[in-house]
Amino acid sequence: GNSYDSLSVTIFNPRNSRAFPEHDLPAPMKVGRKLYVMKPARPGTEPRVLLDAGVGGIGSPSVTYDGKSILVSMAFDGDPFFHIYRVPAEGGKPEQLTDGPFDDFEPTYLPDGGIVFCSSRCNRWVPCYYTQVAVLFRCDADGQNMRQLSANTEQENTPWVLPDGRILYQRWEYVDRSQVHYHHLWTTNPDGPNPTVYYGQIGRA
């Protein structure tokens, strides 16, 4: 109920943090305020703050293939929406790649240099409740040439790249399934829609 809430979704605020359930936007649940790095990654190393969102939130960190930068979804201090940022792995000013009145989250790099992520910019809502839907989008490494990859009427999450280049993701099918259980794995092509069941059963759960 304040300026730091994003959309009209269910928001839990334990210890005045900013965290969201996975079936509401902006997913995922694991949202913090600071991004840390441990170098070297071994016991006894003191974590170093790489990025601080203030009273905002940070989630979905994903390292680039060359290890030089990290993609995150961040609602910076005072921003009501999550956007994709690129952060230098050694530290420095984050570069904002997406914008607008939408939530962009769970980014990951594609082998061709593009970025796949989930976004509410599809302007769809769950049929049974006031919960906004996010589906797959992709853009160039600089955030340009954005286009929609999937067209589900329900939530999609956690895109990842398979060894053969296809995008693996979780998809909620609205057939008497809970919105937090029985999500199946689907794939699509990174250069255009071709949604295919990877693991799961279409029909009543």
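Rundown of residues vs (1) modelled with pLDDT of 90 or more; (2) more than 19 Å from residue 85 (Cα to Cα); (3) open to solvent by 70 Å² or more (accessible area, probe 1.4 Å), yes/no style:
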site: 107; (1), (2), (3): yes, no, no
site: 116; (1), (2), (3): yes, no, no
site: 134; (1), (2), (3): no, no, no
site: 140; (1), (2), (3): yes, no, no
site: 147; (1), (2), (3): yes, no, yes
site: 161; (1), (2), (3): yes, yes, no
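Can you spot a residue in region 70-87 that is assigned to a strand (DSSP E or B), open to solvent by 80 Å² or more (accessible area, probe 1.4 Å) and out of contact with any strand residue (DSSP E or B) (no Cβ under 7 Å at 6 or more places or on another chain)?
Taking region 70-87 as the starting set, the residues that turn out to be assigned to a strand (DSSP E or B) are 70-75, 83-87.
If we keep only those that are open to solvent by 80 Å² or more (accessible area, probe 1.4 Å) too, we end up with none.
Checking region 70-87: not a single residue is assigned to a strand (DSSP E or B), open to solvent by 80 Å² or more (accessible area, probe 1.4 Å) and out of contact with any strand residue (DSSP E or B) (no Cβ under 7 Å at 6 or more places or on another chain).
Please go through region 181-204 and pick out each residue that is open to solvent by 70 Å² or more (accessible area, probe 1.4 Å) and at pLDDT below 65.
Within region 181-204, 181, 182, 201, 202, 204 meet the criteria.
Give me the pairs: first residue in region 60-75 and farther than 10 Å from residue 87 by Cα, second residue modelled with pLDDT under 90 and among the polar types (S, T, N, Q), beta-carbon distance under 8 Å, and six or more apart or on different chains, which are they?
The qualifying pairs are 73/60; 75/6.
Residue check: is residue 27 in a loop (DSSP other than H, G, I, E, B), out of contact with any Ser or Thr (no Cβ under 8 Å at 6 or more places or on another chain), modelled with pLDDT under 90 and open to solvent by less than 30 Å² (accessible area, probe 1.4 Å)?
Yes, satisfied.
Tell me which residues, restricted to region 118-132, are touching a residue at least 24 places away in the same chain (Cβ under 8 Å), polar (S, T, N, Q) and open to solvent by 10 Å² or more (accessible area, probe 1.4 Å).
The answer is 132, and nothing else.
For region 36-60, how many residues are open to solvent by less than 60 Å² (accessible area, probe 1.4 Å), assigned to a strand (DSSP E or B) and at pLDDT 90 or above?
3
So which residues in region 77-89 are farther than 19 Å from residue 117 by Cβ and modelled with pLDDT under 90, if there are any at all?
Hits for region 77-89 are 77, 78.
The values are calculated or read from the model by the stated rules, or taken from the named source; none is laboratory data. Model, not experiment: these values are computed from the prediction. Heads up, the Cβs are rebuilt from the backbone with ideal geometry, glycines too, and the neighbour counts pull from every protein chain shown. For the accessible areas, the whole protein counts, side chains as well, though only heavy atoms, and no ligand, DNA or RNA atoms are used. Shrake-Rupley method; radii C 1.70, N 1.55, O 1.52, S 1.80 Å.
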